[in-house]
Amino acid sequence: MRIKAPLFLCILLIFQATPATLAQDHLSDHPQTPASLHWLSAPNPSSPAVNQLRTDGNACGPACLLDSFRAGSQKWRQSIAKIKGPNDHATLKKIIRNHGKLGSRLDPKKARWNGRYGINGMDLADIANELRSERWMGRVTQKIFFQNPRESDRALLKRVHKRLSHSLKKGLPPTLRVRRVALRSVRKTPQGPDHKTWLAVKSHFLVLTGLPAKLPKNALSFPVTYHDPWGGKKLKGHVRIAQPTHPGLATLLADFPGTTVGKSLLRSGEGNGLSLSSAIGLF
């Protein structure tokens, strides 16, 4: 009888610890936060990140489409699987040749994609719609994430979170457009005094793969997981309001330490950050 109590206690402790252990294992792929108990992930979270560098240094847009479709629900995976190729390099080449070389919506005389400037978000959305198998899958569009007049920082955070969550729930991980911005002196007029403003020095596309399903009340940021095609990396970061560290920036800040795009173009000592300016997805 002496050993039964300790044995029963040990069994009880094991069963009490098991749910927490399982939950911890399940959440190991995304940031550990209270909201992570209700984490919203890409339908195919094990899909590998696509490496644009195997094709072209400015192929981040087409690479993100390939990545997003593969990480999406079955209908999106089946759509991109129709582009046959022995590897990602060959598949990206076909996307660029068959879709990227068509006339841009902004300027039909120019190709949507070129090796010097890449592609804009509107043309990237058009390619996404051409790659889908059926129209009933939903129309991919671009949403601009600049702060509206009289819109508070927290309202902007809530609006962006709602848009991104909607696309993930619909089965297509949204493609984010971020810009490396630098605080630089400019002149209002040729004779006017210098003043500092946020100027974009480099743009880049990323694929969002996870975020909290809901935002806590009065949230100032939220954690995310994402794929960066520059090297094909799976990374973590936070999207947060720009104040007070980046006053005057009219977008949210992408606090993504693993994404270094545009840093080589910065001048010594100038303030900088990653601006989350827009996204394409099912909005």
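Taken together, the values in this text are just the output of simple stated rules run on the coordinates, not laboratory data. Computed from a predicted model, the values in this text were never measured in an experiment. Because the Cβ atoms are built from the backbone with ideal geometry, glycine has one as well, and the counts that use them run over all protein chains shown.
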Ordered by packing density, taken as the mean number of other Cβ atoms within 10 Å over each peptide's residues, highest first, how do 211-222, 91-102 rank?
91-102, 211-222
From largest to smallest, what semi-axes in whole angstrom does the stretch 177-283 give when each is the square root of 5 times an eigenvalue of its alpha carbon gyration tensor?
27, 17, 12
³J(HN,Hα) across the stretch 124-140 via Karplus (A = 6.51, B = -1.76, C = 1.60, θ = phi - 60°), whole Hz, x for Gly/Pro?
5, 5, 5, 5, 4, 5, 6, 7, 5, 6, 9, 5, 5, 5, x, 8, 7
May I ask you to sort VAL160, VAL239 by Cβ crowding, counting other Cβ atoms within 10 Å and putting the fewest first?
VAL160, VAL239
Which listed pairs, of LYS162/LYS196; LYS170/LYS234; LYS84/LYS162; LYS217/LYS263, have C-alpha distances above 26 Å, in listed order
LYS162/LYS196; LYS84/LYS162; LYS217/LYS263
Given an 8 Å cut-off on Cα distances and at least 6 residues of separation, report the relative contact order of the stretch 48-281 as a percent.
24 percent
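How would ASP228, ASP255, ASP126 line up from fewest to most surrounding beta-carbon atoms within 10 angstrom?
ASP255, ASP126, ASP228
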So which trypsin sites (Lys or Arg not before Pro) in the stretch 107-185 are both in a DSSP loop and have at most 13 other Cβ atoms within 10 Å of their Cβ?
LYS109, LYS110, ARG116, ARG139, ARG150
For the stretch 215-283 and the stretch 142-156, distance of Cα centres in Å:
15 Å
The stretch 92-156: chymotrypsin sites (Phe, Trp or Tyr not before Pro) in DSSP loop, at most 15 other beta carbons within 10 Å:
TYR117, PHE146
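Can you give me the orientation-averaged projected area of the convex hull built on the Cα atoms of the stretch 46-191, in nm²? Write down the numbers at each step before the final one.
Details: hull surface 48.2 nm².
Projected area, direction-averaged: 12.0 nm².
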